[in-house]
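Undergrad: Below you'll find the structure I mean.
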Amino acid sequence: MTSAAERPLLFLDVDGPLIPFGSPSVQSPSVTAGSPTCPDRANPLLERLAPGLGPRLLALGCQLVWATTWMEEANEVVSPLVGLPRLPVLEWPDPCADKGPHGLHWKTGHIVEWAGGRPFIWVDDEIGAMDHLWVEASHPGPALLHRVDPARGLVDADITGLADWLRPVMPG
């Protein structure tokens, strides 16, 4: 068995990748009002979470890490609704402290630092060209910056693409 320290990291955003911003028809048909997986009505966007997505992400074999402004709330609210255990949470420093080139996402430097040279995937809906350049210049290991269409969220083709990228990167 491969230890967590050897497996690639998968940094996961919530808004956009897991909660798509497209029409409500994008919502998973298995989530209906009154069902045990129906989220708290306080945040109607949670209805768009796909309950089976967690096991599919876990099956990739990565060490999953929340990289979201939801912070610890991702473990409390999102994890149970998508079928994930508690995950490590990437802590963000004061946003005013972030300085970088124009177009660099404020998460990028922190993700590279947290990865510490390990192979990683970053799944987000706000990844741009400058982020790719920054990671190529700053990260010695393999990295996949996977931009998800925020209108659709993480779909089958995305999961397949992540699995394809991981095959030659996975230890053992």
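Undergrad: At 0.890 mPa s and 25 °C, plugging the Kirkwood radius over alpha-carbon pairs of region 109-162 into Stokes-Einstein gives what diffusion coefficient in µm²/s?
TA: Details: Rh = 11.7 Å.
Here the translational diffusion coefficient equals 209 µm²/s.
Undergrad: Sticking with this one: Got a number for carbon plus sulfur as a percent of region 83-169's accessible area, 1.4 Å probe? Don't skip to the end; give the middle numbers.
TA: Values: 2620 of 4580 Å².
Answer for region 83-169 is 57 percent, counting heavy atoms of protein chains only.
Undergrad: Rolling a 1.4 angstrom probe over the protein heavy atoms, how many square angstrom per residue are accessible across region 54-172?
TA: So region 54-172 comes to 49 Å² accessible per residue, rounded to a whole number.
Undergrad: Same structure again: If we count every other residue with Cβ under 15 angstrom of Val148's Cβ, Lys/Arg +1 and Asp/Glu -1, where does the sum land?
TA: On the way: positive: Arg48, Arg56, Lys107, Arg147, Arg152; negative: Asp13, Asp15, Asp124, Asp125, Glu126, Asp131, Asp149, Asp156, Asp158.
Neighbourhood net charge equals -4.
Undergrad: Lys and Arg at +1, Asp and Glu at -1: add these up for the other residues within a Cβ distance under 14 Å of Gly16 and post the number. Kindly include the intermediate steps, with their values, before the conclusion.
TA: Details: positive: Arg48, Lys107, Arg147, Arg152; negative: Asp13, Asp15, Asp124, Asp125, Glu126, Asp149, Asp158.
My count for the surroundings of Gly16 gives -3.
Undergrad: Determine the dipole magnitude for region 118-172: charges of +1 sit on the beta-carbon of Lys and Arg, -1 on that of Asp and Glu, nothing else is charged, the reference point is the Cα centre, and the result goes in debye to the nearest 20.
TA: 240
Undergrad: A further question follows. How much length would be gained if the chain were fully extended between Val155 and Met71, taking 0.36 nm per residue of separation minus their Cα-Cα distance, in nm to one decimal?
TA: Here the answer is 27.9 nm.
Undergrad: Next question, about the same structure. Mind listing the phi-derived Karplus ³J(HN,Hα) values for region 138-153, rounded to whole Hz, using 6.51, -1.76 and 1.60 with θ = phi - 60°, and x for any glycine or proline?
TA: Couplings: 10, 10, x, x, x, 8, 10, 9, 9, 7, 9, 5, x, 6, 9, x Hz.
Undergrad: Lys and Arg at +1, Asp and Glu at -1: add these up for the other residues within a Cβ distance under 14 Å of Leu166 and post the number. Provide the component values of the computation, followed by the final result.
TA: Details: positive: Arg7, Arg56, Arg118, Arg167; negative: Glu6, Asp158, Asp164.
Here the charged neighbours net out to +1.
The values are calculated or read from the model by the stated rules, or taken from the named source; none is laboratory data. Quick caveat, the model's predicted, so the values are computed rather than measured. Counting neighbours? That spans all protein chains shown, and the Cβs are built from the backbone with ideal geometry, glycine included. These area figures cover heavy atoms from the full protein model, side chains too; ligands, DNA and RNA do not enter into them. Shrake-Rupley method; radii C 1.70, N 1.55, O 1.52, S 1.80 Å.
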